[in-house]
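Chemist: After the structure tokens below, expect a handful of questions from me.
The values are calculated or read from the model by the stated rules, or taken from the named source; none is laboratory data. Everything quoted here is computed from the prediction, not taken from an experiment. Glycine also receives a Cβ, built like all others from the backbone with ideal geometry; neighbour counts cover every protein chain displayed. All accessible areas refer to the heavy atoms of the entire protein, side chains included, with ligands and DNA or RNA removed. Shrake-Rupley method; radii C 1.70, N 1.55, O 1.52, S 1.80 Å.
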Amino acid sequence: MKKLLQALVLTFAFMVAQAQPNNVVISQVFGAGGNSGSPFTHDFVELFNPTDNPISIEGWTIQYAAPADNGRNWDMSARLKGSIEPGKYYLLQLNGGAIGKPLPTPDLVTFIANGLGATAGKVALVKSATLLTEMCPTNSKVVDFVGPSTTYKRRI
């Protein structure tokens, strides 16, 4: 009985640790679109709404910082439009080129000044059009953040 109780406690702890976020999240980031050897013609960021309610992303931005300057200089996409329905994705097509397969029809076509890096950088989903200035943003307007690393990683 004691082992069963321990297993139930561990299962519950795991379920709590895996609880779904209460806001939109960055589900995928792809850089170097259109470059030699790229599978896709464009960089992209895909957002996902894991909640049970539609979420307006009107006026939000995607912001990117390259690792070259320790990630202090952020570039911003155009303002996002519309909302994301529960359990649905939102695709932002960013900078690109001619090499690779085209993306599925995006929800928004925008750009980041110098494009996303192929292997590193930071991407933030921000409830504002105010450019970030921090190396590791803690601004309450930051909804989700991926980076920094030698590859893109979600901040936990």
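Chemist: Could you check, for the range 2-21, whether at least one of its residues is part of a helix (DSSP H, G or I), of a type in the set (Ser, Thr, Tyr) and either modelled with pLDDT of 90 or more or more than 28 Å from Met135 (Cβ to Cβ) (or both)?
Modeler: Yes: the range 2-21 contains one or more residues that are part of a helix (DSSP H, G or I), of a type in the set (Ser, Thr, Tyr) and either modelled with pLDDT of 90 or more or more than 28 Å from Met135 (Cβ to Cβ) (or both).
Chemist: In the range 78-129, what residues are open to solvent by less than 10 Å² (accessible area, probe 1.4 Å) and in contact with a Lys or Arg (Cβ under 6 Å, 6 or more places away or on another chain)?
Modeler: Val126
Chemist: So, one more: Starting from residues that are assigned to a loop (DSSP other than H, G, I, E, B) and farther than 12 Å from Thr61 by Cβ, keep the ones in the range 140-149 and report whichever is most open to solvent (accessible area, probe 1.4 Å).
Modeler: Ser140
Chemist: Output the number of the condition that Ser27 fails; it satisfies all remaining conditions of (1) more than 16 Å from the chain's Cα centre (by Cα); (2) in a strand (DSSP E or B); (3) among the polar types (S, T, N, Q).
Modeler: With respect to (1) more than 16 Å from the chain's Cα centre (by Cα); (2) in a strand (DSSP E or B); (3) among the polar types (S, T, N, Q), Ser27 is out only on (1).
Chemist: Please count how many residues of the range 100-133 are at pLDDT 90 or above and closer than 14 Å to Thr41 by Cα.
Modeler: Here the count works out to 8.
Chemist: Just to be sure before I move on: is Gly87 in contact (Cβ under 8 Å) with a residue 60 or more places away in the chain and among the small types (Gly, Ala, Ser) in the structure I sent?
Modeler: no
Chemist: Would you be able to tell me the number of residues in the range 37-65 that are more than 13 Å from Leu108 (Cβ to Cβ), of a type in the set (A, V, I, L, M, F, W, C) and surrounded by 22 or more Cβ atoms within 10 Å (Cβ to Cβ)?
Modeler: 1
Chemist: Still on this structure, please answer the following. With a cut-off of at least 1 residues that are among the charged types (D, E, K, R) and closer than 19 Å to Gly147 by Cβ, name the strands (runs of 3 or more DSSP E) lying wholly within the range 38-129.
Modeler: Filter on the range 38-129 gives 42-48, 74-76, 122-126.
Chemist: A further question on this structure: Does Asn35 qualify as being out of contact with any strand residue (DSSP E or B) (no Cβ under 8 Å at 6 or more places or on another chain) and at pLDDT below 85?
Modeler: no
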